[in-house]
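Q: I'd like to ask some things about the structure below.
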Amino acid sequence: QLIHAGADIAEMRSVLAQASASQDHVNTSLSALAARIPPSLVFGEAEMVSVARIVGAPPGSPVFYGSAATHDALWAALPDATIAHLSCHGGFSTKDVLDSALLLGAGTRLTMRDILRADPQQFAHLRLVTLSACQTAITDFNNLPDESIGLPGAFLQSGVPGVVGTLWPVADLSTMLLMEKFYQLWWGEHRDPAQALCEAQSWLRNVTLSEIRHRLIPEMRAMQQRGLPPVQWQPVRDYLASHHLLPATLRLFEHPYYWAGFAFYGA
């Protein structure tokens, strides 16, 4: 509910800002609310566009955004896919581990139960599943007999050779940058996936604010040129504006919170 509320508030703020009759105190209140409840995965689309570009996804490849990224759409595309990259929200269920799920578009979910019950041909061509989402690799080590029980283990058991998951809720922007670097090293430079992830984490730990600006400014302009609504590109502008007084050499994502939660499983 908060995820959807954040998107609605940001959209309302954008609309009212263009209305000459709007009250300043209303805009101020909405801006404060929008800062407290940001819209869902502001950088999710940019992450998907970047990954698709790096791996050379041909025109017409099944890349789904927002409400189009439903369970049925994903499930229909998986049998022919070699990479499944999911930039979304996720969660681990301690009450019923099989209810652990990736939260997809239009209120749908891909559960651990779905993965384990799938036909063997469903994932037959997949080389890598990247779960670029929150808490996709955690397990309940207090109550479960095996620490490997979780979403990554479910994909491995279903025949996928490699899975990237996360151990805690991860930040949106830093995750986008990390994933972009990971695919550049793994796909572009043919690194071993575990090595590529390790090098990408080291890079994110040391990346400077100046380098982040160099990456985000062209992305924001590209989103504006594509005619995307302000609710999608304005958070990028707001992020840059909020950091414009900080030193260019500052390493924003040096803390382990931003990079240490990612792990590779498999071969």
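The values are calculated or read from the model by the stated rules, or taken from the named source; none is laboratory data. What you see is a predicted model; the values in this text were computed from it and never measured. Counting neighbours? That spans all protein chains shown, and the Cβs are built from the backbone with ideal geometry, glycine included. Note: accessible area is taken over every heavy atom of the protein model, side chains too, but ligands, DNA and RNA are not part of it. Shrake-Rupley method; radii C 1.70, N 1.55, O 1.52, S 1.80 Å.
Q: Quick check for you: with a 1.4 Å probe and neighbouring chains kept, what is the accessible area per residue of segment 208-267, in Å²?
A: Per-residue value: 58 Å².
Q: Between Ala73 and Arg237, what FRET efficiency follows from the Cβ-Cβ distance if R0 is 25 Å, with the result rounded to 0.05?
A: Taking R0 as 25 Å, the efficiency between Ala73 and Arg237 is 0.25.
Q: Which order do Thr108, Thr82 take by accessible area at a 1.4 Å probe, largest first?
A: Correct descending sequence by accessible area is Thr82, Thr108.
Q: In segment 61-129, what % of DSSP beta bridges are antiparallel (nearest 5)?
A: Once the DSSP bridges in segment 61-129 are tallied, antiparallel ones form about 75 percent.
Q: Here is a further query. How much net charge surrounds Trp203 when only the other residues with a Cβ under 13 Å from the Cβ of Trp203 are counted, with Lys and Arg +1 and Asp and Glu -1?
A: Taking every Cβ under 13 Å from that of Trp203, the sum is 0.
Q: Considering the alpha-carbon set of segment 180-267 alone, what are its Rg and its Dmax in angstrom?
A: Considering segment 180-267 through its Cα atoms, Rg and Dmax are 15.3, 44 Å.
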